[in-house]
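Enquirer: My structure is below; once you've seen it, I'll send some questions.
The values are calculated or read from the model by the stated rules, or taken from the named source; none is laboratory data. Given the structure is predicted, the values throughout are model-derived calculations rather than measurements. For neighbour counting, all protein chains shown are included, and Cβ atoms are generated from backbone atoms with ideal geometry for every residue, glycine included.
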Amino acid sequence: MAQLQAKQDALSARISGLDLCREGWTASLRADALTRLSAMGLPGKRDEYWRYTDPSSLTAVEAAPAAPFIAADEKMVFSGIDRLRIVFVDGVFDADVSDDLEMAGLEISRLADAADQHWARDVYGVLETQGQTPVQRPLAALNTAFATDGILIRATGQAKMPISLIYLHKSDTSDVILHHCIKVESGAELTILENGPAAARFNSVMEVDVADDGRFHHIRTQGRDHDRRAATHLFGRLGQESSFKSFTLTANGRMTRNEAVIEFTGDDAIAHVAGAAIGDGAFHHDDTVFVTHGAERCESSQVFKKVLKNGAVGVFQGKILVKSNAQKTDGYQISQALLLDGDSQFLAKPELEIYADDVQCSHGSTSGAIDEGALFYLRSRGVPEREAQSLLVLAFLAEALAEIEDEVLAEDVRIGMENWLARHGGA
Amino acid sequence: MLEINNLHVELEEEDKAILKGVNLSIKAGSVHAIMGPNGSGKSTLAYVLSGKGGYEVTEGSAKLEGVELLDMEPEERAAAGLFLAFQYPVEIPGVGNMTFLRTAVNAQRKARGEEELSAGDFLKVVREKGKALQIGSEMMKRPVNVGFSGGEKKRNEILQMAMLEPKMCILDETDSGLDVDAMKLVSEGVNALRDAGRSFLVITHYQRLLDHIKPDFVHIMANGRIIKTGGPELALEVEQNGYADILTEVA
């Protein structure tokens, strides 16, 4: 009980400075979220789900300062892509540098000024609530209760270009909570890009409801600020024959916890969640994924690769839950770390829980050093050691990168990886 | 071209002497073969010359055109003109064969202060040189050596050699794992590279490779030393009588 009390106290302190919006269509949804949150309390390091990642910097009353990283000699990722830009500076929407929130086949609005009777009332906090069982995710409930803004997008047709959420970070002490809702209607298709560090501390939730035959693509690169911290949740609910593909590149950042919570509700759907993380030094990166197969013949894949050096820590908690009705499920999960020195660590907890009897699920997890034989082979052909290491690191990450369907976007992300490698001594 | 002088090498890990005073002088444009029983140190010699880790040179020198190789990093030796065709070419998943080759060619050009080849020029040369070795675009697209047959791997080694145009080529048991047709193809690839300015050191167990790649000199290596040197007829002698006679004769 003492632990619970401590959690409640921590929660009271954490939310004491936050405003609970009591007006508009989200008011009751926010109040519900606060009720959920109060019952859970904030996560503590003794919680099983936080065994490998200390949540204290994510739950602290104030965000630890983080200076923005400026790479003037590098172009920002996605800058050459035709896209609709929506820019947040330290969590505040910047209309001057954003494009008009209009595109054929899409309804786009901001959480902060969305009118009543909004379609998003069936999404906002709804997927998050479902994602709270069987594992609690208090930071997501906190987000639903206190998010200051976010983007609401309903796709009814084929979006002609990606929606690009750009999170700029200027203030050393910014502490930001954004909440996005996406609804991909039947037969519609949408690509969301996210990039940038957003804030010194960033709590983000994206709820994605994909109706039958809908297609959703998500490509994210989290900013390079060394000291930034982020807790993100990506909730996906998939209808029949729909598809959901998400890829995240994380380079730097002192603390990142990316949770993906996917649920199949319709048959014959596909969900792929992938990530590449590259960290040097004070870097803690946690991918926590929970995929629930609740329908037949769905395919899920989790591909996570981490390259770690100088004491960087990588965590992977991935679960595939196959319910008794989810026959012919095809589940795949791989998590791998390339440890470039003896100081780095990779902690993995792959889990399968299967109640149906006719399924195919495989999982694997490895960690290892760079292949010396391959390194020598490259050097013997004249490739300098640094360059050879970079080639091998990129090759290691390639399986995750291959999850990006669009070749132009994939190339853009790959260049981002190369730039990072160039800055970090070849690997 | 290559001057090896009293080369002594030990395994770093176990303090075991492998090479015990190798002397070898190879002139520009000549082809030397090294034969010898298993464990005589042939592959070690190839690895030490190309700079593989795990070996300690305790004495001696190896100079390429008068410059000490043993002080250089593997990539510097390659840029200086040394090439080793591996007995077991390494598989590198995730790195395309074309990317690999272009990176290598341009890294060497850069190290020598030459201009890098453009993608278009490079492609043209690869196509032309690949054709003779029956390496098509499909093999170039695959990851380096991944899923290649034994013959494809060795042909791929020769293509790298043809593209990198080294001065001193070491072939470590390039005939192992090859059928008769593949051996012919590989040998033709090697012979096409024979040139007054280019030398070869061919390590093999069998005389048959030397029917295709005709050596100027044959050396017999045993117990970490070169114990006998002769002309091509020495290889025939080994083929007929094995090493026993030579070993007794020298002992």
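Enquirer: Suppose the filter is within 14 Å of chain A (Cβ to nearest Cβ), without any contact (Cβ under 8 Å) to a residue 60 or more places away in the chain and either closer than 28 Å to A:Asp371 by Cα or assigned to a loop (DSSP other than H, G, I, E, B) (or both); does B:Val95 pass it?
Expert: Spelling it out, B:Val95 is indeed within 14 Å of chain A (Cβ to nearest Cβ), without any contact (Cβ under 8 Å) to a residue 60 or more places away in the chain and either closer than 28 Å to A:Asp371 by Cα or assigned to a loop (DSSP other than H, G, I, E, B) (or both).
Enquirer: Which residues, counting only those in region B:134-162, are of a type in the set (Val, Ile, Thr) and not in a helix (DSSP H, G or I)?
Expert: B:Ile135, B:Val144, B:Val146
Enquirer: Kindly indicate the residue of region A:336-346 that is in contact (Cβ under 8 Å) with a residue 12 or more places away in the chain and surrounded by fewer than 17 Cβ atoms within 10 Å (Cβ to Cβ) and also nearest to the chain's Cα centre (by Cα) among those meeting that condition.
Expert: A:Gln345
Enquirer: If you scan region B:64-92, which residues turn out to be within 9 Å of another protein chain (Cβ to nearest Cβ), of a type in the set (Val, Ile, Thr) and free of Cβ contacts under 8 Å to residues at least 40 places away in the same chain?
Expert: The answer is none; no residue qualifies.
Enquirer: Need a quick list: strands (runs of 3 or more DSSP E) entirely within region A:261-313 having at least 1 residues that are surrounded by 24 or more Cβ atoms within 10 Å (Cβ to Cβ) and of a type in the set (Phe, Trp, Tyr).
Expert: Here the list reads A:299-309.
Enquirer: Another question, if that's okay. Select, from B:Gly39, B:Gly53, the only residue that is loosely packed, with under 15 Cβ neighbours inside 10 Å, within 12 Å of another protein chain (Cβ to nearest Cβ), in a loop (DSSP other than H, G, I, E, B) and out of contact with any Leu (no Cβ under 6 Å at 6 or more places or on another chain).
Expert: The conditions single out B:Gly53.
Enquirer: Please return the ranges of helices (runs of 4 or more DSSP H) entirely within region A:353-427 where 1 or more residues are away from every other protein chain (no Cβ under 14 Å).
Expert: Result: A:407-423.
Enquirer: Name the pairs: first residue in region B:224-242 and under 23 Å from B:Ala46 (Cβ atoms), second residue among the polar types (S, T, N, Q), Cβ to Cβ under 6 Å, at least 6 apart or on different chains?
Expert: Hits for this filter: B:Ala235/B:Gln207; B:Glu239/B:Gln207.
Enquirer: Out of curiosity, is B:Glu152 among the charged types (D, E, K, R), farther than 30 Å from B:Asn5 by Cα and more than 13 Å from chain A (Cβ to nearest Cβ)?
Expert: Yes.
This table checks each residue for (1) hydrophobic (A, V, I, L, M, F, W, C); (2) within 22 Å of A:Ile262 (Cβ to Cβ); (3) more than 13 Å from the chain's Cα centre (by Cα).
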position	(1), (2), (3)
A:Leu168	yes, no, yes
A:Ser171	no, no, yes
A:Thr191	no, yes, yes
A:Gly196	no, no, no
A:Ser204	no, yes, no
A:Gln222	no, yes, no
A:Ala230	yes, yes, no
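Enquirer: Right, something else. Run B:His32 past the list (1) in a strand (DSSP E or B); (2) modelled with pLDDT of 95 or more; (3) away from every other protein chain (no Cβ under 14 Å); (4) within 28 Å of B:Ala107 (Cα to Cα) and report the number of the one that doesn't hold.
Expert: (4)
Enquirer: Sticking with this one: Considering every residue within region A:118-129, establish whether at least one is assigned to a loop (DSSP other than H, G, I, E, B) and out of contact with any Asp or Glu (no Cβ under 8 Å at 6 or more places or on another chain).
Expert: yes
Enquirer: Sticking with this one: Restricting to region A:36-51, count the residues that are in a loop (DSSP other than H, G, I, E, B), crowded, with 20+ Cβ neighbours inside 10 Å and either under 22 Å from the mean Cα position of the chain (by Cα) or at pLDDT 95 or above (or both).
Expert: Counting residues in region A:36-51 that are in a loop (DSSP other than H, G, I, E, B), crowded, with 20+ Cβ neighbours inside 10 Å and either under 22 Å from the mean Cα position of the chain (by Cα) or at pLDDT 95 or above (or both) gives 2.
Enquirer: If the requirement is being of a type in the set (Ser, Thr, Tyr) and touching a residue at least 60 places away in the same chain (Cβ under 8 Å), which of these qualifies: B:Ser187, B:Ser176, B:Ser118?
Expert: Unique residue meeting the criteria: B:Ser176.
Enquirer: Ok, one more. Among the residues of region B:56-63, is there at least one that is charged (D, E, K, R) and either facing another protein chain (nearest Cβ under 8 Å) or outside any strand (DSSP E or B) (or both)?
Expert: No, that holds for no residue.
Enquirer: Taking only pairs six or more apart or across chains, which ones have beta-carbon atoms under 6 Å, a first residue in region A:317-335 that is closer than 21 Å to A:Ala276 by Cβ, and a second residue that is acidic (Asp, Glu)?
Expert: Final answer for the pair search is A:Lys319/A:Glu351.
Enquirer: Which residues, taken from region A:334-352, are in a strand (DSSP E or B), of a type in the set (A, V, I, L, M) and more than 14 Å from every other protein chain (Cβ to nearest Cβ)?
Expert: A:Ala337, A:Leu339, A:Leu347, A:Ala348, A:Leu352
Enquirer: Inspect region B:113-133 for any residue being in a loop (DSSP other than H, G, I, E, B), of a type outside the set (S, T, N, Q), at the interface with chain A (Cβ under 10 Å from one of its Cβ atoms) and over 16 Å from the mean Cα position of the chain (by Cα) and give the result as yes or no.
Expert: Taking every residue of region B:113-133 in turn, none turns out to be in a loop (DSSP other than H, G, I, E, B), of a type outside the set (S, T, N, Q), at the interface with chain A (Cβ under 10 Å from one of its Cβ atoms) and over 16 Å from the mean Cα position of the chain (by Cα).
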